[in-house]
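In what follows, a single structure is set out as structure tokens and then discussed.
None of the figures in this text is laboratory data; all of them are computed from the coordinates on show. Worth saying up front: this structure is predicted, and the values here are computed from it rather than measured. Virtual Cβ from ideal backbone geometry, glycine too; neighbours counted across all protein chains shown.
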Amino acid sequence: MPDNSGQKRSYLVEFQAIGNAVKVSALDPATLLEVSILGPTTATETELSRLAVQKLENMLQKRADQPDGRGGIKA
């Protein structure tokens, strides 16, 4: 997903084996938004990271589409 400058954003992706599943967490360092997915151990890291990043980008888009209803000072 491109950022405001048109450059592609980078994300941090972490894999954690849990029994016969893998938990994949993806973090956007700019917003500190983190999402997780669970996948089978038979899936490749490429497939799992693609799905986690896709979920993260969907959440970032959803946040961008919704107005911030919180009060206070916004920078």
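With each label modelled as a point 7 angstrom along the Cα→C-beta vector, the Arg50-Ala30 pair spans 2.3 nm. For segment 5-63, relative contact order (Cα pairs under 8 Å, six or more residues apart, normalised by length) works out to 28 percent. Residues Leu33, Leu48, Leu27 in ascending order of nearby Cβ atoms (within 10 Å, fewest first): Leu33, Leu27, Leu48. Taking other Cβ atoms within 10 Å as a rough exposure proxy, Asp65, Asp28 sort from fewest to most as Asp65, Asp28.
Only Lys, Arg, Asp and Glu carry charge here, each on its Cβ (+1 for the first two, -1 for the last two); on that basis the chain has a dipole of about 180 debye about its Cα centre.
The tail of the calculated P(r) for the chain, taken as Cα-Cα distances beyond 20 Å, holds 39 percent of the pairs. Taking the helices alone, the chain has a mean residue ellipticity at 222 nm of -9500 deg cm²/dmol, built from -39,500 (n - 2.57) per DSSP H run of at least 4 residues and averaged over all its residues. Against the chain, whose longest principal axis is taken from its Cα atoms, helix 45-65 shows a tilt of about 20°.
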